[in-house]
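To keep things clear, I will list the structure first and then write my remarks on it.
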Amino acid sequence: MKNYDALADRLIEANKRLNLTAITQKDAVMVLHIEDSLTLCDHIPQGAKVIDVGTGGGFPALPIAMARDDIFVTALDSTAKKLAFVEQTADEFSLPLKTFCARAEEAAEQLRETFDVAVSRGVTALPALCELCLPFVKIGGRFIAMKAKDCEAEISSAKNALSVLGGEIKEVLCPTLSDGTVHTLIIIEKISATPLKYPRRWSEIKKKPL
Ligand code: SAH
(Lines give C-alpha, C1' and ligand atoms only; values in the text may rest on other atoms or scores of the structure.)
Protein backbone atom coordinates (compact mmCIF):
# COMPACT_ATOMS: atom_id res chain seq x y z
CA MET A 1 0.00 0.00 0.00
CA LYS A 2 1.42 3.41 -0.96
CA ASN A 3 0.64 5.35 2.19
CA TYR A 4 3.43 7.91 2.46
CA ASP A 5 1.35 9.94 4.89
CA ALA A 6 1.15 7.03 7.36
CA LEU A 7 4.87 6.38 6.88
CA ALA A 8 5.65 9.99 7.84
CA ASP A 9 3.38 9.73 10.92
CA ARG A 10 5.10 6.53 11.99
CA LEU A 11 8.56 8.12 11.66
CA ILE A 12 7.53 11.20 13.65
CA GLU A 13 6.02 9.02 16.39
CA ALA A 14 9.06 6.69 16.63
CA ASN A 15 11.40 9.67 16.61
CA LYS A 16 10.08 10.66 20.05
CA ARG A 17 11.78 7.48 21.39
CA LEU A 18 14.60 6.93 18.89
CA ASN A 19 16.99 9.42 17.41
CA LEU A 20 16.14 8.78 13.75
CA THR A 21 15.98 12.26 12.23
CA ALA A 22 16.43 15.94 13.03
CA ILE A 23 13.38 16.70 10.88
CA THR A 24 10.22 16.52 12.98
CA GLN A 25 7.62 18.66 11.18
CA LYS A 26 5.23 16.60 9.06
CA ASP A 27 5.46 18.86 5.98
CA ALA A 28 9.24 18.73 6.07
CA VAL A 29 9.26 14.94 6.53
CA MET A 30 6.96 14.55 3.50
CA VAL A 31 9.31 16.60 1.31
CA LEU A 32 12.85 16.13 2.66
CA HIS A 33 12.57 12.43 3.50
CA ILE A 34 9.81 10.99 1.35
CA GLU A 35 9.71 13.09 -1.82
CA ASP A 36 13.51 13.29 -1.79
CA SER A 37 13.83 9.48 -1.59
CA LEU A 38 11.31 9.05 -4.41
CA THR A 39 13.52 11.06 -6.82
CA LEU A 40 15.48 7.80 -7.15
CA CYS A 41 12.60 5.83 -8.62
CA ASP A 42 13.11 6.88 -12.24
CA HIS A 43 16.68 5.62 -12.07
CA ILE A 44 16.05 2.15 -10.65
CA PRO A 45 15.48 -0.50 -13.34
CA GLN A 46 12.47 -2.83 -13.27
CA GLY A 47 12.93 -5.79 -10.90
CA ALA A 48 16.19 -4.45 -9.44
CA LYS A 49 17.81 -5.79 -6.28
CA VAL A 50 18.70 -2.63 -4.36
CA ILE A 51 20.87 -2.01 -1.27
CA ASP A 52 20.55 1.18 0.80
CA VAL A 53 23.90 1.67 2.55
CA GLY A 54 23.52 3.48 5.91
CA THR A 55 19.73 3.55 5.82
CA GLY A 56 19.38 4.96 9.36
CA GLY A 57 15.64 5.41 9.95
CA GLY A 58 14.95 3.91 6.50
CA PHE A 59 15.75 6.62 3.95
CA PRO A 60 15.68 6.24 1.04
CA ALA A 61 14.88 2.49 1.54
CA LEU A 62 11.32 2.71 2.92
CA PRO A 63 9.81 5.15 0.38
CA ILE A 64 11.32 3.40 -2.64
CA ALA A 65 10.11 0.00 -1.37
CA MET A 66 6.66 1.55 -0.91
CA ALA A 67 6.73 3.05 -4.41
CA ARG A 68 7.96 -0.03 -6.27
CA ASP A 69 6.70 -3.53 -5.60
CA ASP A 70 8.78 -4.87 -8.50
CA ILE A 71 12.08 -4.22 -6.66
CA PHE A 72 13.60 -5.76 -3.52
CA VAL A 73 15.43 -3.53 -1.07
CA THR A 74 18.07 -4.51 1.49
CA ALA A 75 18.35 -1.77 4.11
CA LEU A 76 21.82 -1.92 5.68
CA ASP A 77 22.98 -0.08 8.78
CA SER A 78 25.32 -0.79 11.67
CA THR A 79 22.82 0.47 14.29
CA ALA A 80 20.40 -2.28 15.35
CA LYS A 81 17.90 -0.01 17.06
CA LYS A 82 17.31 2.05 13.91
CA LEU A 83 16.98 -1.11 11.84
CA ALA A 84 14.37 -2.49 14.26
CA PHE A 85 12.20 0.51 13.35
CA VAL A 86 12.84 -0.03 9.63
CA GLU A 87 11.98 -3.74 9.88
CA GLN A 88 8.78 -3.19 11.86
CA THR A 89 7.72 -0.49 9.41
CA ALA A 90 8.39 -2.73 6.41
CA ASP A 91 6.30 -5.47 8.06
CA GLU A 92 3.46 -3.13 8.87
CA PHE A 93 3.19 -1.90 5.27
CA SER A 94 4.12 -5.29 3.69
CA LEU A 95 7.04 -3.75 1.83
CA PRO A 96 9.55 -5.69 -0.32
CA LEU A 97 12.39 -4.91 2.11
CA LYS A 98 14.67 -6.73 4.51
CA THR A 99 17.21 -5.29 6.92
CA PHE A 100 20.87 -6.22 7.29
CA CYS A 101 22.70 -5.14 10.42
CA ALA A 102 26.41 -4.71 9.74
CA ARG A 103 29.07 -2.21 8.85
CA ALA A 104 29.11 -1.82 5.08
CA GLU A 105 32.82 -2.57 4.80
CA GLU A 106 32.30 -5.85 6.68
CA ALA A 107 29.12 -6.89 4.84
CA ALA A 108 30.88 -6.53 1.48
CA GLU A 109 32.50 -9.94 1.79
CA GLN A 110 29.14 -11.73 1.99
CA LEU A 111 27.19 -9.44 -0.36
CA ARG A 112 29.87 -8.63 -2.94
CA GLU A 113 28.57 -7.77 -6.44
CA THR A 114 25.06 -9.08 -5.70
CA PHE A 115 22.99 -5.90 -6.24
CA ASP A 116 21.78 -4.16 -9.39
CA VAL A 117 21.67 -0.82 -7.59
CA ALA A 118 23.28 0.62 -4.44
CA VAL A 119 21.89 3.87 -3.04
CA SER A 120 23.04 5.99 -0.12
CA ARG A 121 22.16 9.28 1.54
CA GLY A 122 23.83 11.22 4.34
CA VAL A 123 26.57 8.73 5.17
CA THR A 124 30.01 10.09 4.23
CA ALA A 125 31.97 12.00 1.57
CA LEU A 126 31.94 10.58 -1.95
CA PRO A 127 35.44 9.00 -2.14
CA ALA A 128 34.86 6.92 1.03
CA LEU A 129 31.23 6.35 0.06
CA CYS A 130 32.30 4.83 -3.27
CA GLU A 131 34.52 2.39 -1.39
CA LEU A 132 31.62 1.40 0.88
CA CYS A 133 29.01 1.10 -1.90
CA LEU A 134 30.61 0.03 -5.20
CA PRO A 135 31.71 -3.42 -3.93
CA PHE A 136 28.01 -4.38 -3.54
CA VAL A 137 27.13 -3.57 -7.16
CA LYS A 138 27.19 -6.09 -10.02
CA ILE A 139 29.13 -5.11 -13.14
CA GLY A 140 26.67 -3.26 -15.34
CA GLY A 141 24.74 -2.08 -12.29
CA ARG A 142 24.81 1.38 -10.73
CA PHE A 143 25.46 3.27 -7.52
CA ILE A 144 23.35 6.39 -6.94
CA ALA A 145 24.73 8.81 -4.35
CA MET A 146 22.21 11.30 -2.95
CA LYS A 147 23.87 14.59 -2.11
CA ALA A 148 23.03 18.20 -1.39
CA LYS A 149 23.25 20.79 -4.16
CA ASP A 150 26.61 22.20 -5.29
CA CYS A 151 28.71 19.09 -4.82
CA GLU A 152 31.01 19.58 -7.84
CA ALA A 153 34.13 19.70 -5.65
CA GLU A 154 33.09 16.48 -3.92
CA ILE A 155 32.55 14.83 -7.32
CA SER A 156 36.02 15.91 -8.51
CA SER A 157 37.59 14.58 -5.32
CA ALA A 158 36.18 11.10 -6.08
CA LYS A 159 37.82 10.72 -9.51
CA ASN A 160 40.61 8.45 -8.31
CA ALA A 161 38.29 6.37 -6.08
CA LEU A 162 35.96 5.82 -9.04
CA SER A 163 38.66 4.63 -11.38
CA VAL A 164 40.25 2.33 -8.75
CA LEU A 165 36.90 0.81 -7.69
CA GLY A 166 35.44 0.23 -11.17
CA GLY A 167 32.96 3.13 -11.29
CA GLU A 168 32.26 5.77 -13.91
CA ILE A 169 30.00 8.80 -13.56
CA LYS A 170 27.13 8.44 -16.00
CA GLU A 171 24.95 11.38 -15.07
CA VAL A 172 24.61 14.10 -12.43
CA LEU A 173 21.03 15.27 -11.90
CA CYS A 174 19.69 18.08 -9.73
CA PRO A 175 16.05 17.40 -8.85
CA THR A 176 14.08 20.28 -7.28
CA LEU A 177 11.71 19.24 -4.51
CA SER A 178 8.28 20.83 -4.06
CA ASP A 179 9.57 23.24 -1.39
CA GLY A 180 12.29 24.51 -3.76
CA THR A 181 15.15 22.50 -2.23
CA VAL A 182 17.62 21.35 -4.86
CA HIS A 183 19.43 18.06 -4.32
CA THR A 184 21.91 16.08 -6.42
CA LEU A 185 21.79 12.50 -7.67
CA ILE A 186 25.17 11.22 -8.80
CA ILE A 187 24.60 8.20 -11.01
CA ILE A 188 27.68 6.00 -11.19
CA GLU A 189 27.90 2.98 -13.46
CA LYS A 190 29.89 -0.06 -12.37
CA ILE A 191 32.03 -0.74 -15.41
CA SER A 192 34.52 -3.25 -13.98
CA ALA A 193 35.00 -5.46 -10.92
CA THR A 194 36.11 -3.82 -7.68
CA PRO A 195 39.53 -5.22 -6.72
CA LEU A 196 39.18 -7.66 -3.80
CA LYS A 197 41.32 -5.56 -1.49
CA TYR A 198 38.46 -3.03 -1.30
CA PRO A 199 36.70 -2.10 0.87
CA ARG A 200 39.48 -1.69 3.43
CA ARG A 201 38.83 -1.36 7.15
CA TRP A 202 37.05 1.86 8.12
CA SER A 203 40.10 3.21 9.96
CA GLU A 204 42.10 2.98 6.71
CA ILE A 205 39.34 4.36 4.50
CA LYS A 206 39.14 7.35 6.81
CA LYS A 207 42.87 7.85 7.18
CA LYS A 208 43.71 7.42 3.49
CA PRO A 209 40.65 7.97 1.28
CA LEU A 210 41.30 6.86 -2.30
N1 SAH B 1 20.34 7.40 5.10
C2 SAH B 1 19.66 7.95 6.26
C3 SAH B 1 20.56 8.01 7.51
C4 SAH B 1 21.75 8.92 7.40
S5 SAH B 1 22.67 8.97 8.94
C6 SAH B 1 19.09 9.30 5.92
O7 SAH B 1 19.49 9.90 4.93
O8 SAH B 1 18.21 9.77 6.66
C9 SAH B 1 24.02 7.89 8.53
C10 SAH B 1 23.73 6.43 8.85
O11 SAH B 1 24.77 5.65 8.29
C12 SAH B 1 23.70 6.12 10.34
O13 SAH B 1 22.50 5.44 10.65
C14 SAH B 1 24.92 5.22 10.57
O15 SAH B 1 24.67 4.19 11.52
C16 SAH B 1 25.13 4.62 9.18
N17 SAH B 1 26.52 4.28 8.86
C18 SAH B 1 27.59 5.12 8.83
N19 SAH B 1 28.70 4.46 8.45
C20 SAH B 1 28.31 3.16 8.22
C21 SAH B 1 29.01 1.98 7.80
N22 SAH B 1 30.31 2.01 7.54
N23 SAH B 1 28.30 0.85 7.68
C24 SAH B 1 26.97 0.81 7.96
N25 SAH B 1 26.26 1.89 8.36
C26 SAH B 1 26.92 3.06 8.48
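The values are calculated or read from the model by the stated rules, or taken from the named source; none is laboratory data. It should be emphasised that the depicted structure is a prediction, and the values quoted were computed from it without experimental measurement. Note that each Cβ is placed from the backbone with ideal geometry, even for glycine, and that neighbours are counted across all protein chains shown. Areas reflect the complete protein model, heavy atoms only, side chains present, ligands, DNA and RNA absent. Shrake-Rupley method; radii C 1.70, N 1.55, O 1.52, S 1.80 Å.
Assess whether GLU106 counts as being more than 14 Å from the ligand (Cβ to nearest atom) and open to solvent by 30 Å² or more (accessible area, probe 1.4 Å).
On the way: more than 14 Å from the ligand (Cβ to nearest atom): no; open to solvent by 30 Å² or more (accessible area, probe 1.4 Å): yes.
So GLU106 fails the test.
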Cβ-Cβ under 6 Å pairs, at least 6 apart or on other chains, region 150-168 side closer than 8 Å to LEU126 by Cβ, far side open to solvent by less than 10 Å² (accessible area, probe 1.4 Å): CYS151/THR184; GLU154/LEU126; ALA158/LEU126; ALA158/CYS130; ALA161/CYS130
Odd one out for LEU95 among (1) within 14 Å of the ligand (Cβ to nearest atom); (2) free of Cβ contacts under 8 Å to residues at least 60 places away in the same chain; (3) surrounded by 22 or more Cβ atoms within 10 Å (Cβ to Cβ); (4) among the aliphatic types (A, V, I, L, M): (1)
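Taking the stated definitions as given, is ALA48 modelled with pLDDT of 95 or more and open to solvent by less than 10 Å² (accessible area, probe 1.4 Å)? Give the steps one after another, and end with the answer.
Values: modelled with pLDDT of 95 or more: yes; open to solvent by less than 10 Å² (accessible area, probe 1.4 Å): yes.
Taking the combined requirement at face value, the residue satisfies it.
Let's see how each residue does on (1) open to solvent by less than 10 Å² (accessible area, probe 1.4 Å); (2) hydrophobic (A, V, I, L, M, F, W, C):
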| site | (1), (2) |
| --- | --- |
| ALA75 | yes, yes |
| ALA84 | no, yes |
| THR89 | yes, no |
| CYS101 | no, yes |
| ALA118 | yes, yes |
| ILE144 | yes, yes |
Close pairs (7 angstrom Cβ cut-off, 6 or more residues apart or separate chains): within 16 Å of the ligand (Cβ to nearest atom) in region 45-62, assigned to a loop (DSSP other than H, G, I, E, B) and of a type in the set (A, V, I, L, M, F, W, C) anywhere: VAL50/ILE44; VAL50/ILE71; VAL53/VAL123; GLY54/VAL123; GLY56/LEU20; GLY57/LEU20; PRO60/LEU40; LEU62/LEU95
Count of region 5-37 residues which are in a helix (DSSP H, G or I) and open to solvent by less than 50 Å² (accessible area, probe 1.4 Å): 14
Unmet criterion (only one of (1) in contact with a Gly (Cβ under 6 Å, 6 or more places away or on another chain); (2) modelled with pLDDT under 95) for LEU18: (1)
